[in-house]
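Reading through the C-alpha cells given below for one structure.
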Amino acid sequence: MAEKTKSGVPGLDEALHGGFPKGSVILISGGPGTGKSILMNQFLANGASQFKEPGVLVSMEETLTSTIRNMKQFGWDLQELMDKGLIALVDASPMIQNERVVLKPEHPVLGREEFTMESLLSLIHREIRRVKAKRVAIDSISTLTLQHKDLFRIRHDLLNMVRSLRMSQATCLVAVESPTGDSIGRFDVEGFLMDGVIMMKLMSQGTVRIRTIEIGKMRGTSHQMNPLLLIIGEKGMQVSDLPPIQ
Ligand SMILES: Nc1ncnc2c1ncn2[C@@H]1O[C@H](COP(=O)(O)OP(=O)(O)OP(=O)(O)O)[C@@H](O)[C@H]1O
Ligand SMILES: [Mg+2]
C-alpha cells in the first residue's frame, strides 16, 4: 500500500483507509460554502502542528487577510505558522489586499494581463523549496475563468499545474467550485486529470440541512464509498457515518 499523508481530520483518514496517498494531487469539489477552504486549511494546519509537515497555501480566490481571519476561529493561526516557517502563503488572489505583500511586476495576480500559470507555478515551487513543504493547498482554480475566456487555455493551464504539482512530491489539495451539486469541477477535465476526487455537498433532509463528504476516487488506495456526514464545529471539521434516513 502506498505511503499515506494523514489529513488529521477526525474520521476522514479512516474513510481514506489511512490518509491521502502521498504525493497525489486531489480535487476538492463542491458548491459555495460546502467547507472546501476549511478542509484545506485544516489539512495544512494539522500538517504543520501535528505531523511536522510544512505546507504552502495558494490563495487564488479569497484574500489571504480574509483566510487568516476566518481560520483563526478554529484555533489555526496561519500568521504564526508562517512566522515559524511552517507554512508559506502565496497570494495570487484577484482581490489581493494584503499590505504585507509587496507586489513586484512579476507577481502573479489572477485577472491581470501579465498573469501566467508558469509564473504562479514557479512562485509555488520556490515556496515549496523554502519551507520544505510536504503539503500544498490551492484555493481555488475556479478563478481561472477570470484569466481566460477560452476553455482550451484553462484546461492547458490545469494540465500544467497538475504535472508540476506532481513533480513536487508534496500531497496537494486543489479546490474547485462545482456549479451544481452533482457535477465534479467546472472545466470537465479535473476529474480525470487528478489522482483523487473528494465531493463536498450541502443537502436538505426534511427541515434540516446537512453537509456530506464523499470520496469519488482515490488512485492507489481502497477507501469508503458511501457519502459521510461532515460537521463543522469549534475545532474545525469532523467526519462520521450518516445517520439512517428516518
Ligand atoms: N465556526 C463555524 N462553525 C460552524 N460552521 C462554520 C463556522 N465557520 C464557518 N462555518 C460554515 O462553513 C462555511 C464556509 O466554509 P468554507 O469557507 O470552507 O466553504 P467553501 O466551500 O470554501 O466556500 P466558497 O466556495 O465560498 O469558497 C460557512 O458558509 C458556514 O456555513
Ligand atoms: Mg473557499
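The values are calculated or read from the model by the stated rules, or taken from the named source; none is laboratory data. Treat the numbers as computed from the prediction; the structure is a model and nothing was measured. A quick note on method: Cβ atoms are made from the backbone with ideal geometry, for glycine too, and the neighbour counts reach across all protein chains shown.
Within the range 31-44, the set of residues being near ligand 2 (Cβ under 9 Å from one of its atoms) and on the phi < 0 side of the Ramachandran plot comprises 32, 34, 36, 37, 38, 40.
Of all residues in the range 211-231, those that are closer than 17 Å to residue 32 by Cα and buried (at least 16 other Cβ atoms within 10 Å of the Cβ) total 5. Could you name every one of the strands (runs of 3 or more DSSP E) located completely within the range 119-216 that has at least 2 residues being within 16 Å of ligand 2 (Cβ to nearest atom), out of contact with any helix residue (DSSP H, G or I) (no Cβ under 8 Å at 6 or more places or on another chain) and of a type in the set (A, V, I, L, M, F, W, C)? The qualifying strands (runs of 3 or more DSSP E) are 196-205. When the range 141-169 is examined, which residues are found to be within 26 Å of residue 5 (Cβ to Cβ), of a type outside the set (D, E, K, R) and at pLDDT 95 or above? Hits for the range 141-169 are 141, 158, 159, 160, 161, 162, 164, 165, 167, 168, 169. Go through the range 17-52 and give me each residue that's aromatic (Phe, Trp, Tyr) and more than 16 Å from ligand 1 (Cβ to nearest atom). 20, 51, listed by residue number.
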